[in-house]
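The values are calculated or read from the model by the stated rules, or taken from the named source; none is laboratory data. All of these numbers come straight from a predicted model, not from anything done at the bench. Don't worry about glycine lacking a Cβ; one is built from the backbone with ideal geometry, like all the others, and counts go over all protein chains shown. Each accessible area value is taken on the protein alone, full model and side chains, heavy atoms only, with ligands, DNA and RNA left out. Shrake-Rupley method; radii C 1.70, N 1.55, O 1.52, S 1.80 Å.
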Amino acid sequence: MFGLLKIRIVILAAVFVGLVPFVASEILRTRADMAEELENINQSMMVSLARSQRGFVEALLEVERLSETIALSKNLRHNSTEEHNDSLAHILQIQEKVERISLLSPDGTAYCSTDPKVVGVNFGDREYFAAALASQRVVWSDFIQSRITGKRILQSAKAIRTGNHVDFVLA
C-alpha cells in the first residue's frame, strides 16, 4: 500500500517537474506579450494626444484671431443690441469651433449674445472675466462648467477698450 502511494507521489513529482518549465515559459511569454501590447497602446495614445494637441492649438488660434477681428470692428461700439446680435450671428455661422459669442458690460453682465439665454446673465465673478479686464490680450479659462448649458467648456474673453476705458468684454 505504501509502495503504491510512493509510486503515485513519484509520478506526480515527475509531472510537476516536467510542467514547471512549460508553465514558467508561458508566464514569461504572456508577460512579454502584455508588455508589447502596453507599448502599442502607449504609442497609439501618444499619437492621439499629439493630434488632439494640434487640433486644440489650431482651435485656440482660430478663436483668438476671431476675437481680435471682432475687437477691430468699430460697429460693435456704436450699434444697437439688435444690430450686434445680427452681426455676431453672422460671424458665428462661419465658425466651427465657437459655440456662442457674447458681449459683456464692464461689470460682467451679458447684454448681447448669439444665444438669447445668455443675455442678462452676470459673469463678473468668473476668473477669466477678471483676467480679461486686466489684460490687453485674449485670455482663457481652465475647463469650467457653463452657466448656460452645464457642459464643461473652455471660455475665452477679451476686453475691448477705448484708451484705458473698457467698452465691453467679448466672450
Item to complete: Would you tally the residues in the stretch 129-158 being under 18 Å from VAL118 (Cβ atoms) and not β-branched (Val, Ile, Thr)?
Response: 14
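Every residue, every condition in (1) open to solvent by less than 60 Å² (accessible area, probe 1.4 Å); (2) within 35 Å of the chain's Cα centre (by Cα); (3) at pLDDT below 80, yes or no:
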position: PHE2; (1), (2), (3): no, no, yes
position: ILE11; (1), (2), (3): no, no, yes
position: GLU36; (1), (2), (3): no, yes, no
position: ALA59; (1), (2), (3): yes, yes, yes
position: LEU66; (1), (2), (3): yes, yes, yes
Worksheet, complete the sentence: When every residue in the stretch 116-133 that is touching a residue at least 24 places away in the same chain (Cβ under 8 Å) and out of contact with any Gly (no Cβ under 7 Å at 6 or more places or on another chain) is compared, the one most open to solvent (accessible area, probe 1.4 Å) is LYS117
Worksheet entry | Residue list for the stretch 127-143, filter: within 21 Å of the chain's Cα centre (by Cα) and either modelled with pLDDT under 90 or among the basic types (Lys, Arg) (or both) | ARG137, VAL138, VAL139, TRP140, SER141, ASP142, PHE143
